[in-house]
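Here's the structure, in structure tokens; my notes come after.
The values are calculated or read from the model by the stated rules, or taken from the named source; none is laboratory data. Since we're looking at a predicted model, the values are computed, not measured. As a convention, Cβ positions derive from the backbone with ideal geometry for all residues, glycine included, and neighbour counts pool all protein chains shown.
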Amino acid sequence: MSQQVVASRQVDASRISELKQVVASALAEAQSAGASQAEADVSLQRGLTVTVRLGEVDTIEYHRDRGLSVTVYFGQSKGSASTADLRPSAVHETVRKASAIAQHTAADPCAGLADPQALAREIPDLDLYHHWDIEPEQAVQLARECEAAGLACDLRLKNSEGATVTTHSGVRVHGNSLGFLAGFPSTSHSLSCALVAQERQDMQRDYWYSVSRNPGALESASSIGRRAAQRALRRLGARQLSTRRAPVLYAPELARGVFGHFIGAISGTSQYRRSSFLLNAAGQAVFPCFLNIVERPHLLQGLASSPFDAEGVATRDRDLVSGGVLQGYVLGSYSARKLGLTTTGNAGGIHNLMVNSGETGTFEDLLQRMGTGLYVTELMGQGVNAVTGDYSRGASGFWVENGALAYPVHEVTIAGNLREMLRTIVAVGNDVDVQGAIRTGSLLIEAMTIAGQ
């Protein structure tokens, strides 16, 4: 480990100590104000974003944010306030405002802190912090290398939307009046490129990217540029389709969104508000029997890894879907109480969902299995009704014939109902995209309506 990395970790350890003092001060202020319970969350974020377009620097942005949020309970009346000022006087004023709000809110029998026995007692090191010692000039050079590698692939690559390098690090501390007080540092780094290909009057754009906790795990700048180039070039000559019904294959980075709609439907908030197309679906077969979804919050360097959730509740491995059957909901403490259940440690979101079909089919295998249909590589619009499950999105990609890509397609709409789409999943590929909170391969759905000319 380099001396710079060690020094950086020591700095962030020092910041955690400082932030713990801020949280402890806020909790003491809340107790002095007469609150029966209180919790506070404080964070420091800093980062650098550099974008280069056509070899010239487009933007250089430094990010530095801090924030404190305080929630107090007077019995079952709740008040919250936040500030970006961490000085003692500002902390005092924030607690005072939260307390004043609580005096005017109705009592809610489900309000309150997480159950004490659910709180994290051990905070494992998940290897989420990897400092990237990169100066703006170096980031500019890296972005130039990425873009140049892409543009050099073909004379038809005549324009660019730019290449972007981002590095971000942060420290978060959470505490409550039940004795929980913990925090951890984390980092996130990315490199992306978007290029425009042109052949006569036909212009098409596409992109590629890489994101990781560890800068050493990012794809090389040249490979990202070349991948963006290849994706843009292969879209030249895109056609429209006539309206039809056919199988649809989602690329892995888009399949993640389909499962994201599923997670939204089984969230505690959607369930207790009765605004879900999967209302009361626990124990039901939502997917085909071959599909399983597990949550693994403690994956080392995982982009959605965390030792505890937004309430300090310990995160744990969980089987969310087993043999196609939904095992339970995604809950924080409040939604769990509303439903008469217990928290699943998901206040603030999910932690590394992994979709597994039990098969080892490659992308090419899925194309062969589909035979004829639409391979979707880009989606547009937000036409999804979370209550009914009705789904309609603009799409582009490739028409597939005889198990092979035949020609590019654009300006079509794919439509269906999410409940039916989930039930009629045919296969999930082994080309898993790990660059998000949901890890899945390509997703083949039996049939959807494709609206075109």
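Couple of notes before you dig in:
- Qualifying residue in the stretch 293-303 (condition: assigned to a helix (DSSP H, G or I), within 17 Å of the chain's Cα centre (by Cα) and farther than 13 Å from Leu353 by Cβ): no
- Selection of strands (runs of 3 or more DSSP E) fully inside the stretch 24-135 by the criterion of at least 2 residues being without any contact (Cβ under 8 Å) to a residue 40 or more places away in the chain and charged (D, E, K, R) returns 56-74.
- Residue identified as within 19 Å of Glu253 (Cα to Cα), of a type in the set (S, T, N, Q), in the same structural domain as Asp309 (by TED's automatic domain parsing) and touching a Lys or Arg at 6+ places or on another chain (Cβ under 6 Å) among Asn356, Asn352: Asn352
- Wholly within the stretch 328-430, helices (runs of 4 or more DSSP H) carrying at least 3 residues that are in contact with a Ser or Thr (Cβ under 6 Å, 6 or more places away or on another chain) and modelled with pLDDT of 95 or more: 333-338
- Residue ID - farthest from Cys110 (Cα to Cα), chosen from residues in the stretch 71-89 that are surrounded by 15 or more Cβ atoms within 10 Å (Cβ to Cβ) and of a type in the set (A, V, I, L, M, F, W, C): Leu86
- Assessment of the stretch 260-280 against the conditions (hydrophobic (A, V, I, L, M, F, W, C), surrounded by fewer than 21 Cβ atoms within 10 Å (Cβ to Cβ) and in a loop (DSSP other than H, G, I, E, B)) yields at least one matching residue.
- Residue in the stretch 297-305 that is closer than 30 Å to Thr372 by Cβ, buried (at least 16 other Cβ atoms within 10 Å of the Cβ) and either in contact (Cβ under 8 Å) with a residue 40 or more places away in the chain or among the β-branched types (Val, Ile, Thr) (or both) present: no
- Residue within the stretch 156-172 that is at pLDDT 95 or above, in a helix (DSSP H, G or I) and over 30 Å from Gln198 (Cα atoms) present: no
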